Amino acid sequence: MPNGGTHHCENCHQLNYILGAIIGDIIGSVYEWNNVKTIDFPLFTKRTDFTDDSVLTFATMDSILNKTGYAKAYQAYGQKYPDRGYGGNFASWIYDEEPEPYNSWGNGSAMRVSPVGWAYDTIDEVLSQAKRSAEVSHNHPEGIKGAQATATAIFLARTGKSKVEIKEIIEAMFGYNLSRSIAAIRPGYRFNESCQGTVPEAITAFLESTDFESAIRLAISLGGDSDTLACITGGIAEAFYKEVPEYIIENSLRVLPAEIIKLIGEFSGKYRQGK
């Protein structure tokens with residue numbers, strides 16, 4: 001794949017790339033099937049790559065930027081970047097001539113929604129667009145709720161709400177329990193592809209973090225569906241902390257195709273400038 005590298009990173013601060021969710025997915029990619037139950041692990045390895053979480057996040061960006069339907073974008077990107085770890089039902093859905101939702105409560109709706117939290121400027125719009133992005137495939141109430149909670153947390157984080165406020169609002173709106181500690185969750189946590197078993201844990205990792213890197217480390221340390229946990233956490237953490245360390249950006253861009261870096265730049269230029 002084209003090397004993103006330092007050349008692109010020189011533009012990162014100018015463009016203020018929206019990359020948090022994608023970075024979480026990339027760092028988590030090698031730990032999904034090789035779980036680590038610690039925050040002490042290498043962020044990047046020779047096998048580090050982007051997975052379906054990133055591909056569908058790209059698709060959400062494209063859909064919003066170019067005003068194409070979510071289903072059309074998810075199918076186009078899924079077909080363009082096959083074999084990235086899509087769930088069984090979704091892998092078939094990508095190729096359906098007339099794609100219909102299949103009542104999924106899987107965490108796929110939450111992993112791809114982060115751009116919605118950046119692109120819309122009221123809670124109502126964020127909730128509406130998160131629902132629309134989810135229900136083309138994940139139309140189960142839990143699938144919709146997971147996407148809405150993730151996008152809302154990003155919206156609240158980027159608009160200056162405190163962690164206490166974010167926790168209280170998300171608990172009140174969505175009924176998630178965000179009062180457990182990561183240390184309490186970690187020992188018994190297992191692979192879980194559901195929104196209800198992923199989104200609260202990912203938000204909790206953000207709430208306990210002290211900066212972007214610690215948020216990603218806490219999410220991955222839970223084990224389970226590591227790339228998706230870190231993808232959801234990363235999207236919120238970036239919106240809250242505003243800063244991502246340059247070496248993390250640089251190493252993440254290295255695995256992304258040039259056309260994707262261009263898309264991220266265009267989306268970020270439109271929706272992050274001045275926010």
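Assuming R0 = 25 Å, can you tell me the calculated FRET efficiency for the pair residue 258 and residue 191, based on Cβ-Cβ distance, to the nearest 0.05?
Working: r = 33 Å, r/R0 = 1.34.
Calculated value: 0.15.
Using a 10 Å Cβ count of at most 15 others and DSSP loop calls, identify the longest part of the chain lacking such GluC sites (Glu not before Pro).
98-192
What percent of all Cα-Cα pairs in the stretch 5-271 falls in each 10 Å bin, counting up from 0?
For the stretch 5-271, the binned pair fractions read 8, 35, 40, 17, 1 percent.
For a quick check: with amide H placed at 1.01 Å from N, whose amide H comes under 5 Å from residue 225's, ignoring anything fewer than 5 positions away on the same chain?
When sequence neighbours closer than 5 places are left aside, the close amide H contacts are 192.
Dipole of the stretch 113-263 (Lys/Arg Cβ +1, Asp/Glu Cβ -1, origin at the Cα centre): which of 130, 197, 247 lies farthest to the positive side?
197
Hey, fewest Cβ within 10 Å first, where do 206, 41, 240, 90 land in order?
Details: 206 30, 41 16, 240 24, 90 19.
Arranged by neighbour count, lowest to highest, 206, 41, 240, 90 become 41, 90, 240, 206.
Which ³J(HN,Hα) values in Hz, rounded to whole numbers, follow from the phi angles of the stretch 148-158 under the Karplus curve 6.51 cos²θ - 1.76 cosθ + 1.60, where θ = phi - 60° and Gly and Pro get x?
5, 5, 5, 5, 5, 4, 5, 4, 5, 5, 6
Which of the listed residues, 231, 157, 141, is farthest toward the dipole's positive end in the chain, when Lys, Arg count +1 and Asp, Glu count -1 at the beta-carbon?
Value: 157.
Enumerate by residue number the trypsin sites (Lys or Arg not before Pro) in the stretch 42-105 meeting two conditions: DSSP loop (anything except H, G, I, E, B), and at most 15 other Cβ atoms within 10 Å of the site's Cβ.
Working: sites: 46, 47, 67, 72, 80, 84; in loops: 46, 47, 67, 84.
Loop-located and lightly packed - 46, 47, 67.
Size of the dipole of the chain about the Cα centre, Lys and Arg at +1 and Asp and Glu at -1 on the beta carbon, nothing else charged, in debye to 20? Could the numbers behind the result be given before it?
Values: 25 positive and 34 negative charges, 65 e Å.
That gives a dipole near 320 debye.
Taking amide H positions as placed in the peptide plane 1.01 Å from N, state which residues far from residue 107 in sequence (5 or more) or on other chains have amide H under 5 Å from it.
Answer set, sorted by chain and number: 194, 195.
Could you run the Karplus curve 6.51 cos²θ - 1.76 cosθ + 1.60 with θ = phi - 60° over the stretch 37-48 and give me ³J(HN,Hα) per residue in whole Hz, x for Gly and Pro?
With coefficients 6.51, -1.76 and 1.60, one gets 9, 8, 8, 9, 8, x, 5, 10, 10, 5, 9, 4 Hz.
If packing is taken as the average count of other Cβ atoms within 10 Å, what order do 150-158, 108-116 fall into, highest mean first?
Put in order of decreasing packing, that is 108-116, 150-158.
Going by C-beta contacts inside 10 Å, put 194, 29, 92, 133 in order with the fewest on the left. Walk me through the numbers on the way to the answer.
Values: 194 17, 29 25, 92 12, 133 29.
In increasing order of surrounding Cβ atoms, one gets 92, 194, 29, 133.
How long are the semi-axes of the equivalent ellipsoid of the stretch 176-275, taking √(5λ) for every eigenvalue λ of the Cα gyration tensor, in whole Å from largest down?
Numbers: eigenvalues 142, 43, 32 Å².
So the three semi-axes of the stretch 176-275 are 27, 15, 13 Å.
Computed from the coordinates by the stated procedures, all read-outs in this text should not be read as laboratory data. Computed from a prediction, not measured in an experiment: that's the story for all the values here. No Cβ is skipped: glycine too gets one built from the backbone with ideal geometry, and neighbour counts run over all protein chains shown.
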